[in-house]
Structures are given as C-alpha cells and as structure tokens.
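Comments concern the structure below.
Just so it is clear, none of the values below were taken in a lab; they were calculated from the coordinates. The shown structure was predicted, so the numbers you read here are calculated from the model rather than taken from an experiment. Please note: Cβ atoms are built from the backbone with ideal geometry, for glycine as well, and neighbour counts cover all protein chains shown.
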Amino acid sequence: MMLKQMLFPTLLATFAAGAIHAQAADTELNLYSARHYQTDEALYADFTKQTGIKINRIEAKEDELLERIRNEGANSPADVFITVDASRLAKADELGIFAPVKSKVLEERIPAHLRTQDWFSYSTRARLIVYNPDMVKAEQVQTYEQLADPALKGKVCVRSGSHPYNLSLGAALIQHDGAARTEEWARGLVSNFARAPKGGDTDQIKAVAAGECGVAIVNSYYLARLLNSDKRDEQAIGARIKAVWPNQQSWGTHINISGAGMLKNAPHKEAAVKFLEYLASDKAQTYFADGNNEWPVVSGVKVDNPALTRLGPFKADTLPIGDLARTVAEAQRIFDRAGFR
Ligand code: FE
C-alpha cells in the first residue's frame with residue numbers, strides 16, 4: 001500500500017513531464033518540400049489554423065533536399081519530406097531517411113496500393129496518350145504497347161527516357177508485361193520516334209498539335225493546364241489534339257503520385273504525423289490535388305476542376321506504388337540498353 005502510494009506520484013510526474021515535452025515540440029514543423037505549387041500556401045496556412053503548428057518550409061529541388069538531409073544527419077531539423085513521383089520517393093526511402101508511420105487515419109483514408117510503410121501518396125496524375133487525329137487513327141493508340149507498333153514509324157514523341165515519369169511507366173510495363181517484352185517495347189518505341197527526345201511534356205503536346213508528331217505520352221496535369229488555360233493559343237492547342245486513357249481493356253492507365261513521408265531524425269514527430277494525417281483530410285485533399293490539376297487519393301473527395309471533368313473517368317492501374325517504385329532501376333537499365341535516353 002505504502003509502496004503503491006509512493007510509486008504512483010512518480011509515474012504521474014513522468015507522464016506529465018512527457019506531455020509537457022511533447023506539447024513544446026508540437027508548436028512547429030519543418031517541411032522540406034520539392035513541390036512548387038502556389039496553392040500549397042493555402043494548404044499550409046489551413047494546417048496552422050487548425051492545429052496551431054507553424055510550418056517552416058524549405059523549398060528546393062529533390063536532389064538538393066536529399067543531399068541536405070543526408071549532410072545534416074542525426075541533427076537534421078527536417079520533419080517531413082514532400083515531393084512528386086514514386087521513383088523519387090523510392091530513392092529517398094532507399095537512402096534510409098524515412099521513419100515508418102503507423103496511423104489508423106492514413107490506413108483508412110489512403111488506399112492500400114497508394115502507400116508504403118514509410119511514405120504516402122496524396123494525389124495522382126495519369127500518364128496518358130495524346131494524338132493528332134489528322135495523323136493517326138484512334139484505334140492505333142489505345143495502349144502504351146501499341147506505341148511500339150511499326151505502323152507508327154516516325155510518329156512518336158516523348159520526353160527523355162531517363163526522366164522519372166517515363167521510368168515509372170517503364171516500371172509499370174515491367175510489372176505487367178515482363179522485362180523481356182518491355183525491352184522489346186522500348187526498342188520499338190525508339191525506332192518509331194519522330195525526333196530524338198527533347199523538352200518536357202508540354203513540348204510534346206505542342207508538337208502533336210503542330211503535326212510534328214502524331215502521338216505522344218504526357219502527364220494528365222500538363223494537358224489539364226492547357227485545357228483550363230484562358231490563353232487563346234493554349235486553348236487552340238487543346239482543340240487540335242485528342243487524349244486517350246491508355247490500357248482501359250487491360251491493366252489500366254499508369255498513374256504516378258505526389259507523396260510525403262516522416263524523416264527518421266524528425267525533431268517534431270507528433271507534428272509530422274499530424275501533418276501527414278491532415279494531408280489526407282477532405283479539405284487538404286482538395287487543395288493538394290487541385291493545385292496541380294491532379295486527383296485526390298481519398299475516395300469521395302469532390303473534384304471541382306473543369307479540365308479533369310472534361311477528361312472524364314478512367315480505369316487506373318492498381319499496382320502497389322511500392323512495387324512500382326522498386327522496379328524503376330530495372331526500367332532504367334532496360335531503357336539504356338534499348339537506346340531510350
Ligand atoms: Fe511535371
């Protein structure tokens with residue numbers, strides 16, 4: 001009896017000290033971001049309003065941020081790393097900088113194939129096919145695989161094969177069609193090029209509209225940006241091309257993601273988890289996805305984006321994002337061998 005009475009206050013005191021410590025740590029969050037969308041401001045302001053946690057944001061290119069996190073080591077102030085593209089998140093994960101996050105909220109709201117132990121997807125973008133109807137027929141360009149068909153010789157445009165967007169697509173092809181077929185595909189694609197890969201996805205769309213290429217592979221948000229544009233010349237580009245959701249009769253259109261994870265040495269781990277959970281809230285999902293014309297990952301979140309509405313619904317690939325990310329290195333080797341640079 002006596003012993004219990006003596007122990008109890010000590011335990012209470014320990015808990016109280018822990019609580020005070022956690023509370024003190026929770027007033028700010030250090031976010032390392034490789035996203036550069038203006039609407040992200042509204043997102044962060046809303047998080048601060050809801051939680052009282054101030055966000056200190058460091059923005060730079062992925063590689064610079066990763067380098068910085070590694071150099072800072074155990075003393076890194078970084079709590080959360082946020083970026084676009086599964087292969088980039090996988091690269092960060094391979095460096096061992098993330099800490100696993102166990103959260104009921106995230107498990108419930110983010111579909112299982114769009115999260116890993118260490119990082120979470122918050123929006124999706126699709127890799128679609130755009131074509132010039134004066135140069136190719138719709139039925140020629142319904143799948144990624146068809147783009148390697150000799151019938152399309154001299155008509156295909158795409159950005160560099162070493163770009164993460166194409167490497168992620170290559171990884172999806174390996175997962176669904178196998179490595180041997182993907183290598184054959186890459187060779188066929190290269191031999192169909194209208195020109196050596198150059199420029200970004202928007203440049204490919206413009207080249208299709210101009211008739212320099214018959215068909216191209218591009219991310220959905222670049223097309224959505226043109227479709228939502230109030231500039232006449234950009235609207236005209238959108239009017240001259242047609243878009244296809246690839247692989248609707250097979251494994252679905254390849255999607256990529258924007259995502260984030262908590263860092264191993266995060267000084268504000270509670271705030272980090274709160275932030276990761278906040279990003280999966282209805283309101284944050286709207287900001288997050290709409291800011292770059294992407295789709296929310298949480299089902300039932302309303303999309304109020306005329307261009308995405310115009311593009312319509314589609315069947316997306318449901319390959320686990322972690323498997324996709326892990327296959328990117330193999331895609332790189334295959335593309336190198338096939339001369340897709
Ligand atoms: Fe992009």
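The table below gives the values:
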read-out: Length added when fully stretched, Ala60-Gln117, from 0.36 nm per residue minus Cα-Cα; value: 18.0 nm
read-out: Radius ratio Rg over Rh of the range 256-306, counting only Cα atoms, Kirkwood formula for Rh; value: 1.04
read-out: For the range 197-271, the spread of Cα positions along each principal axis, largest first, Å; value: 53, 35, 24
read-out: The chain shape via C-alpha gyration tensor axes, a/c threshold 1.5; value: prolate
read-out: Using distinct alpha-carbon pairs, which all enter the 1/r mean, Kirkwood radius of the range 217-309 in Å; value: 15.6
read-out: Label-point separation, Val303 to Glu270 (7 Å along Cα→Cβ), nm; value: 3.8
read-out: Chain lengthening between Ala42 and Asp149 when straightened (0.36 nm per residue, less Cα-Cα); value: 34.0 nm
